[in-house]
Amino acid sequence: MDTTMVFDEKNIRRRIYDALNVLMAMDVITRDRKNIRWKGFPVTNEETRETVLSRIDVLEKSIRKKSREIEKKAFHFLGLKNIVKRNTEQGIGETLETDKCKLQIPFVLAQTKDIHDVELEIHSDRKRASLYFSNKFELHDDKSVLDLMEMHKVEDEESLKQAFPNCPEISSLLLKKRPDIVRKPPSSS
């Protein structure tokens, strides 16, 4: 037998297996060892089309929602990272004055528009406290305060990439959705 004929036969056999694998992946045929059974082409009618389009819509909404959640968590992470850096730069326990400038996490901030009477009652178990205000007030958690302080912002794009070294996609997502996250725009040379 000629070597080119053997090569052609092997090549043809390989191509047949490729075609069979494609048909099996499309669920057109099933194969049990050497037995091949025809199942038929998938039905594409208007109902299945609508089902697929509906499923795509649900998945796209889910992706958008998860993208927003990742963005929020990444902002919070950057805020925490930056507040740790800020506290470290101010010195650890040097004086009472520098300790007053540090922000301890977690915290809740109570804000009023005018001067009000505020009563603080610490319970006997020392695990709970009650605050009584004489007028309207707003409570802010550490996330919202860090956001107002713009602690989620970074100095440059490289700092953002370094914040998420194992996941560059997060840096790209944040830069794409919120380019204002970088305090200094890239210098044009």
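Nothing in this text is a laboratory measurement; each read-out follows from the coordinates by a stated rule. Everything quoted here is computed from the prediction, not taken from an experiment. Cβ coordinates were reconstructed from backbone atoms using ideal geometry, including for glycine residues, and neighbour counts include every protein chain displayed.
The rows are residues; the columns are (1) in contact with a Pro (Cβ under 9 Å, 6 or more places away or on another chain); (2) surrounded by 10 or more Cβ atoms within 10 Å (Cβ to Cβ); (3) without any contact (Cβ under 8 Å) to a residue 12 or more places away in the chain.
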{"position": "VAL28", "(1), (2), (3)": "yes, yes, no"}
{"position": "PHE41", "(1), (2), (3)": "no, yes, no"}
{"position": "GLU46", "(1), (2), (3)": "no, no, yes"}
{"position": "GLU50", "(1), (2), (3)": "no, yes, yes"}
{"position": "SER54", "(1), (2), (3)": "no, yes, yes"}
{"position": "LEU59", "(1), (2), (3)": "no, yes, yes"}
{"position": "LYS81", "(1), (2), (3)": "no, yes, no"}
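In region 26-65, of all residues being hydroxyl-bearing (Ser, Thr, Tyr) and closer than 30 Å to ILE16 by Cα, the one that is farthest from the chain's Cα centre (by Cα) corresponds to THR30.
The set of residues in region 103-132 that are under 34 Å from the mean Cα position of the chain (by Cα) and not polar (S, T, N, Q) comprises LEU103, ILE105, PRO106, PHE107, VAL108, LEU109, ALA110, LYS127, ARG128. Among the conditions (1) farther than 14 Å from ALA74 by Cα; (2) in contact with a strand residue (DSSP E or B) (Cβ under 7 Å, 6 or more places away or on another chain), the only one that VAL154 does not satisfy is (1).
For (1) within 28 Å of GLY79 (Cα to Cα); (2) surrounded by 12 or more Cβ atoms within 10 Å (Cβ to Cβ); (3) free of Cβ contacts under 8 Å to residues at least 60 places away in the same chain; (4) out of contact with any helix residue (DSSP H, G or I) (no Cβ under 7 Å at 6 or more places or on another chain), each residue gets a yes or a no:
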position: THR112; (1), (2), (3), (4): yes, yes, yes, yes
position: ILE115; (1), (2), (3), (4): no, no, yes, yes
position: HIS123; (1), (2), (3), (4): no, no, yes, yes
position: ALA129; (1), (2), (3), (4): yes, no, yes, yes
position: HIS140; (1), (2), (3), (4): yes, yes, yes, yes
position: ASN166; (1), (2), (3), (4): yes, no, yes, yes
position: GLU169; (1), (2), (3), (4): yes, no, yes, yes
position: LEU174; (1), (2), (3), (4): yes, yes, no, no
